[in-house]
1. Quick one: work out the % antiparallel among DSSP beta bridges in region 39-134, nearest 5.
2. Give me the distance in nm between label points sitting 7 Å out from Cα along the Cα-to-Cβ direction at residue 64 and residue 182, one decimal.
3. Give the calculated FRET efficiency between residue 32 and residue 116 to the nearest 0.05, with a Förster radius of 35 Å applied to their Cβ-Cβ distance.
4. Report the FRET efficiency, 1/(1 + (r/R0)^6), for residue 157 and residue 217, where r is their Cβ-Cβ distance and R0 is 35 Å, rounded to 0.05.
5. Calculate, axis by axis, the spread of Cα positions in the chain along the three principal axes, and write the results as whole Å, longest axis first.
6. Test of understanding: in a Gaussian network model of the chain with alpha carbons linked when under 10 Å, which of 190, 11, 63 would top the mean-square fluctuation ranking?
7. Helix 220-247 versus the longest principal axis of the chain: what angle, 0 to 90°, nearest 10, using Cα atoms?
8. By count of other Cβ within 10 Å, fewest leading, how are 160, 216 ordered?
Ligand code: SAM
């Protein structure tokens, strides 16, 4: 069912405006009486269209949905800017895979070194659309382009910082499996040319753990997605084990 994000939900109905109202009426051609889902970033509601006006669609709220699509532990992705429009792919797929925040940053070997405001707006729009499509409760925040210093300043808020680099000896799976704290896990991925040694030294000084993603060299836009997928597998197995423990 179509899902639309609104800034807040209070009362028995909510008005959807702007591009989303246009999407409901002109693209989806939905009519009064049709069902959709509205979401305020904390809860999702089943709703039915009550009124289609010139500039808004009024949705009557029928009840809160019981769904838990958000990861138990927040996942953050810091991605050194890749070439061309590959950051679009990272934002879209990382959102589907449950990333809660994205930090594009300029690394020493980044080929792309700047981004204008329209790029940032596009990434945030892609995150919103991917959240709607994948049934998220929250739209991940795509931060403005950062420096490595900015990224290192985040480390103190994280349970673990997974610094993905080819020459690491620690496996990412082992590192994730031994992460038990509920604070965010930050995945940091380098550009096409990899991290410069002094960047890895700076990150390790700041508390990052260099990790290997296995014997194959993944594209810059694949690496974070692999880590997010692996984390869900590890977390699901842990939950299964905890459930089995409770049922014994
Ligand atoms: N020649 C580059 C190098 O030596 O790092 C390859 C860079 S790779 C195409 C782009 C980024 O993806 C890397 O900087 C790293 O963050 C991540 N990555 C790709 N494969 C990886 C692997 N097997 N282990 C760890 N990180 C990996």
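1. On the way: 8 of 14 bridges.
Restricted to region 39-134, the bridges split so that about 55 percent are antiparallel.
2. 1.8
3. Numbers: r = 41 Å, r/R0 = 1.17.
E between residue 32 and residue 116, to the nearest 0.05, is 0.30.
4. Efficiency, rounded to the nearest 0.05: 0.70.
5. Here the spans come out as 59, 56, 30 Å, largest first.
6. 11
7. The helix 220-247 is inclined about 80 degrees to the chain.
8. Ascending Cβ contact count within 10 Å gives the list 216, 160.
Here, each number is a calculation from the coordinates, and none is a lab measurement. Bear in mind the structure is a predicted one, so any value in this text is a computation, not a measurement. When we count neighbours, we look across all protein chains shown, and the Cβ atoms used for this are built from the backbone with ideal geometry, even at glycine.
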